[in-house]
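Worksheet: the structure to be examined is printed underneath.
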Amino acid sequence: MSHVHIIGGGLAGLSAAVELAPQAQVTLYEAGPACGGRARSFHDKALDTVIDNGNHLLLSANPYTFRYLDLLGARKTLKGAGEPLFPWYDLEDDISWDLHLSSGRIPFWLLRRGTRVPGMKLREVLALSRLMKADKETVVADCLAPGQFSRRLLEPLAVSALNTDIRSGSARLLGNIVQQTLAKGGAACCPWTAAHGLSESFVTPAMAYLEEYHADVKTGARVSALQFDGGRVSAIETSFGVVPLGGEDAVILAVPAPVASGLVPAVEAPNEFESIANAHYRLEAPVEAQGAVKKAGFVGLVGGMAEWVFLHGEVLSVTVSAANRYTEWRNDEMLQRIWEEISRALKPVLLKPLPEAMPVARLIREKRATFAATPEQDKRRPGAQTSYVNLALAGDWTDTGLPSTIEGAIQSGLVAVGALGFRSAATGAGGVK
């Protein structure tokens with residue numbers, strides 16, 4: 001049986017490992033103490049509770065993500081309204097509304113005042129067509145029209161999806177998301193989140209699955225170099241020694257872009273990055289919301305620093321995308337500003353008001369959370385195949401056609417499996433090499 005060595009235990013590496021485990025011997029090397037990468041949970045001492053290292057919103061139009069969860073029997077670990085419902089609050093104008101998409105492809109929601117973006121004009125919707133037709137050079141701002149449809153929906157969607165400002169973000173990448181979601185109707189846009197933490201949904205079930213197939217998962221195993229001979233990877237240098245590769249062995253490199261470039265200098269990869277800041281507030285009792293916010297479990301914010309507020313029992317978790325712009329802000333300043341914003345936004349929908357004084361809180365900044373999703377950086381994204389016959393690349397920074405997302409990471413793992421000649425749902429490749 002072939003032996004595949006997977007370097008990197010984030011979602012790209014886990015996706016590849018899960019796909020390969022039934023058809024090959026798998027060894028996975030993760031430098032950290034646990035797998036999961038940017039999609040994992042941990043116990044935070046300051047808050048004395050388990051939190052996610054980042055907030056992630058899944059949409060029903062993520063086929064590879066839901067296939068991954070179904071293979072692991074983990075779909076039941078998600079929560080959501082089960083319908084395309086998105087509560088919003090405008091911090092500048094102090095108004096709230098519920099975006100409720102039509103289930104089919106015909107966008108009836110655009111015609112109803114109670115389901116569309118307030119203050120929008122129908123002509124603004126042409127921006128969706130411009131995004132879907134955008135070339136590799138176009139930025140998001142060039143496709144948008146002035147008005148509330150852009151300000152209250154497309155701009156926050158762009159910033160959160162691309163993690164990049166609209167004046168430099170790739171219109172093509174956002175257009176691909178629009179094509180797979182809004183253009184397919186509300187049935188493709190139902191939002192879901194992890195009910196009990198990202199690790200319970202994406203990591204713990206994968207570890208159990210890999211153990212069932214006798215895969216070898218090595219944590220705390222840092223790979224420092226790859227050795228090459230005759231157009232192949234011949235050995236892996238790790239923190240516990242050199243691992244020689246046999247003639248039938250293969251490698252999937254599923255590490256962040258800078259690490260991949262360091263291990264394989266011939267790989268051109270994105271070299272500019274954007275940060276994400278996540279704020280977590282621990283309350284004395286679970287938050288009790290009503291209406292659409294209760295059903296959805298989150299609310300989107302416009303016109304402030306905070307962008308998404310997720311209600312996780314006694315913990316409120318907030319995402320701030322494209323956070324390079326807040327580099328000069330102190331953590332305590334950001335936490336106080338965000339607390340004031342979410343207190344205003346949630347006040348109309350909570351059965352009990354939030355305390356005036358900010359509770360114990362934690363701000364986590366991921367300085368290189370994603371590659372900067374600009375047209376220039378998008379061109380630097382490599383495919384899965386490399387010039388080495390037994391080496392493939394995986395990661396949300398590879399050329400998936402999507403920005404850095406969970407769907408892109410999982411898809412990239414499958415494509416890497418196919419690039420090595422194994423069966424893969426993403427490529428249809430058949431036969432074990």
| request: Go through (1) crowded, with 19+ Cβ neighbours inside 10 Å; (2) touching a Leu at 6+ places or on another chain (Cβ under 9 Å) and name the single condition L78 misses. | output: (1)
| Are any residues in the stretch 81-121 loosely packed, with under 15 Cβ neighbours inside 10 Å and assigned to a strand (DSSP E or B), and if so, which ones? | I95
| Checking V320 against (1) surrounded by fewer than 21 Cβ atoms within 10 Å (Cβ to Cβ); (2) out of contact with any helix residue (DSSP H, G or I) (no Cβ under 6 Å at 6 or more places or on another chain); (3) within 21 Å of T370 (Cα to Cα), which test does it fail? | (1)
| request: Go through the residues of the stretch 47-58 one by one and say whether even a single one is under 15 Å from the mean Cα position of the chain (by Cα), small (G, A, S) and either outside any strand (DSSP E or B) or within 23 Å of G291 (Cα to Cα) (or both). | output: yes
| Search result, residues across the stretch 65-124 that are closer than 29 Å to V415 by Cα and hydroxyl-bearing (S, T, Y) | T65, Y68, T77
| Using beta carbons and a limit of 7 Å, which pairs, at least six apart or on different chains, have the first residue in the stretch 127-152 and under 23 Å from A372 (Cβ atoms) and at pLDDT below 95 and the second one in a helix (DSSP H, G or I) and among the aromatic types (F, W, Y)? | none
| message | Please determine whether any residue of the stretch 1-17 is touching an Asp or Glu at 6+ places or on another chain (Cβ under 8 Å) and surrounded by fewer than 22 Cβ atoms within 10 Å (Cβ to Cβ). | response | yes
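Quick one: which helices (runs of 4 or more DSSP H) lie wholly within the stretch 289-381 and hold at least 2 residues that are β-branched (V, I, T)?
So the answer is 331-346.
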| task | Identify the single condition in (1) in the same structural domain as W397 (by TED's automatic domain parsing); (2) not in a loop (DSSP other than H, G, I, E, B) that P22 does not satisfy, given that it satisfies every other one. | result | (2)
| query | Pick from S2, S15: which is among the hydroxyl-bearing types (S, T, Y) and more than 24 Å from the chain's Cα centre (by Cα)? | reply | S2
| request: Note down all Cβ pairs under 7 Å where the first residue falls in the stretch 58-77 and is touching a residue at least 12 places away in the same chain (Cβ under 8 Å), the second is of a type in the set (S, T, N, Q) and assigned to a loop (DSSP other than H, G, I, E, B), and they're at least six residues apart or on different chains. | output: L59/T181; A61/T181
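The values are calculated or read from the model by the stated rules, or taken from the named source; none is laboratory data. Because the structure is a prediction, the values reported are computed rather than measured. Don't worry about glycine lacking a Cβ; one is built from the backbone with ideal geometry, like all the others, and counts go over all protein chains shown.
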